[in-house]
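Report on the following structure.
Readers should treat all values here as calculations from the given coordinates under stated rules, not as data from a laboratory. Only a predicted model underlies this, so the values are computations on that prediction, with no experimental measurement involved. Note: ideal-geometry Cβ built from the backbone for every residue, glycine included; neighbour counts use all protein chains shown.
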Amino acid sequence: METIIFATKNKGKIKEINEILADMDVNVISMEEAGITIDVVEDGKTFEENAMKKAVQVMEIGGKITLSDDSGLEIDYMDKAPGIYSARFMGEDTPYPERFKAIFEKLNGVPEEKRTARFVSCIAAAFPDGRRLVSYDTVEGIIGYEGKQYTLHPGETFKFDKLGRHSVTAEKRFKMALLLVLE
């Protein structure tokens, strides 16, 4: 079984990734589990730049294949905000329910056709042999109204619930992006 470092300190994310990849012969560990304690400054201008920067810096220390992600919500009416700042939107310590409430407030009165948005997920891989790969995907949709569902594609729904959970569709796309990077 191959061990892969995921450039995160979030134990919940590692657990979720290992669940998603349960049918693959890999063990994904966190930076902490790999003994890596650096804080990578996410100062890129794109999801790809931030994800690759984290993957490369952690791989250079850990010496193993390293994956990293950067993801966020782009709302067209808000000039694609919060975008790359999604995790820091309204401050890193702001609970997700407050963030979503603020988004719903900003969109109050905005007609549905102007509530277009996408969840962007970018996964980068840095290999010890110098290879660098990036997989990028989006889930398009419309921001509904607080607590409501909205249609992404025929037969699929995505709900921005008050906990900020991801949909099955997002999980499937995340796994597909990981598989593309690891092939």
**Residues Arg131, Arg115, sorted so that the one with the fewest Cβ neighbours within 10 Å comes first** = Arg131, Arg115
**Prompt:** Given a cut-off of under 8 Å on Cα pairs at least six residues apart, what relative contact order in percent is computed for the range 1-102?
**Reply:** 25
**Item:** Cα centroid of the range 100-145 to Cα centroid of the range 33-88, whole Å
**Value:** 14
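Where a ≥ b ≥ c are the square roots of the eigenvalues of the C-alpha gyration tensor, would you call the range 32-90 rounded, which needs a/c under 1.5, or, failing that, prolate if a/b is larger than b/c, or oblate? Let's see the in-between values first.
Working: a/c = 3.18, a/b = 2.52, b/c = 1.26.
Judged from the Cα gyration tensor, the range 32-90 comes out prolate (a/c at least 1.5, a/b above b/c).
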**Message:** Counting other beta carbons within 10 Å of each residue's own, what order do Phe127, Phe6 fall into, fewest first?
**Reply:** Phe127, Phe6
**Prompt:** Using the 10 angstrom Cβ neighbour count as an exposure proxy, how do Ile143, Ile4 rank, fewest first?
**Reply:** Ile4, Ile143
**Message:** Can you give me the Rg/Rh ratio for the range 14-145, using Cα atoms for both radii and the Kirkwood formula for Rh?
**Reply:** 1.03
**Complete:** Karplus ³J(HN,Hα) for the range 82-94 (6.51 cos²θ - 1.76 cosθ + 1.60, θ = phi - 60°; Hz, whole; x = Gly/Pro) runs x, x, 5, 9, 3, 5, 10, 4, 6, x, 4, 8, 6
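Suppose the chain between Ile20 and Thr46 were pulled fully straight at 0.36 nm per residue; how much longer would it get relative to their current alpha carbon spacing?
Details: separation 26, 0.36 × 26 = 9.36 nm, distance 2.53 nm.
The span from Ile20 to Thr46 would gain 6.8 nm if fully extended.
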**Message:** How would the range 1-65 be classified by its alpha-carbon gyration tensor: rounded, prolate or oblate, with rounded meaning a/c under 1.5 and the a/b versus b/c comparison settling the rest?
**Reply:** prolate
